[in-house]
Amino acid sequence: MTPTVRVQAEDFDAAAEAARLTQSRTDIGAVVTFAGLCRDEGGRLAALELEHYPGMAEEEIGRVVAQAAARWPLQGLTVIHRYGKIAPGAQIVLVVTASSHRVAAFEAATFLMDYLKTRAPFWKKEHHKDGTSGDWVEAKDEDDAAAERWVG
């Protein structure tokens, strides 16, 4: 299995990415697809701006993807993370895991999202509808707590 990791400004097609992993495969019994969307934060958000260091972000995500591939028996794995200004309702991140069994696919997808949510090298800034910019967004305590379950 050769995992796919992409960091891109362009939107992605979640169904096409999942189909790419399963095409002509009969050893896959489960595919978990998770697409994270930009929330409007109570109607005040015009856009969420995501910044990253090109090369570094892909390398770090690839390192964690390799951990998931070593930890669970996966037949396919794709992670796509967008950068730039993302409007509410638009897709930000995609994780697709394929395995012979559902538990491995679900756990690997959850592991990857917990990492992406808390430790991936992206910086997020809110842009409000009133024209102001918010602070850089920090990981939430509950996201950090969720990621801790994978340590050890």
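Quick notes
- Modelled FRET efficiency - R0 30 Å, Met1 with Arg119, Cβ distances, 0.05 increments: 0.85
- Debye log10 I(q)/I(0) for region 4-148, one point scatterer per Cα, at q = 0.17, 0.22 Å⁻¹: -0.96, -1.41
- Cα long-axis angle, helix 56-71 against the chain (0 to 90 degrees, to the nearest 10): 40
- Chain lengthening between Lys129 and Asp11 when straightened (0.36 nm per residue, less Cα-Cα): 40.3 nm
- C-alpha long axis of helix 102-118 to longest principal axis of the chain, angle in °: 30
- 5 angstrom amide H check on Phe12, placed H, neighbours 5+ away: none
- Dipole of the chain, positive end: most advanced residue of Ala14, Ala108, Thr26 [Cβ charges, Cα centre]: Thr26
- Using only side-chain charges placed at the Cβ, +1 for Lys and Arg and -1 for Asp and Glu, the dipole size of region 4-148 relative to its Cα centre rounds to 420 debye.
No lab work stands behind these numbers, since they all come straight from the coordinates. Quantities reported herein were computed from a predicted structural model and do not represent experimental measurements. Methodologically, a virtual Cβ is constructed for each residue, glycine included, from the backbone with ideal geometry; neighbour enumeration extends over all protein chains shown.
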